[in-house]
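Data block below; observations after.
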Amino acid sequence: MFDSPEELLRKIRLGEDTSLELKTVRFRGDRISEPKRDDLADELAAIANTHDGVIVLGVDDKTRDIDGIPAERI
């Protein structure tokens, strides 16, 4: 969907739309506390009903800050 990292960063700066969903990933101990399983399932279903779409994990959907995911958590 994105031809370069710069294109993805530009889309992140523009914010969410019908083809881009941004999700912060938070941990509580060894477990993922956000996004909630049901919320993520709803987003996946919505994207599956469109022509194309991308969920980017590790990006705050409100501030568009790139928080990332620690390598040891992947």
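A compact table of results
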item	result
Matching residues in the range 1-48 - criterion: being under 16 Å from K62 (Cα atoms), in a strand (DSSP E or B) and open to solvent by 50 Å² or more (accessible area, probe 1.4 Å)	D17, R26, E34
Test: residue in the range 10-17 that is among the charged types (D, E, K, R), free of Cβ contacts under 8 Å to residues at least 60 places away in the same chain and touching a strand residue (DSSP E or B) at 6+ places or on another chain (Cβ under 9 Å)	yes
Check on A71, surrounded by 11 or more Cβ atoms within 10 Å (Cβ to Cβ) and of a type outside the set (F, W, Y)	no
Residue check for V56: over 18 Å from R10 (Cβ atoms), within 13 Å of the chain's Cα centre (by Cα) and either in contact (Cβ under 8 Å) with a residue 60 or more places away in the chain or open to solvent by less than 50 Å² (accessible area, probe 1.4 Å) (or both)	no
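The values are calculated or read from the model by the stated rules, or taken from the named source; none is laboratory data. Please read these numbers as outputs of a predicted model, since none were measured by experiment. Note that we place each Cβ from the backbone using ideal geometry, even for glycine, and neighbour counts take in every protein chain shown. Calculation scope for accessible area: heavy atoms of the full protein, side chains included, ligands and nucleic acids excluded. Shrake-Rupley method; radii C 1.70, N 1.55, O 1.52, S 1.80 Å.
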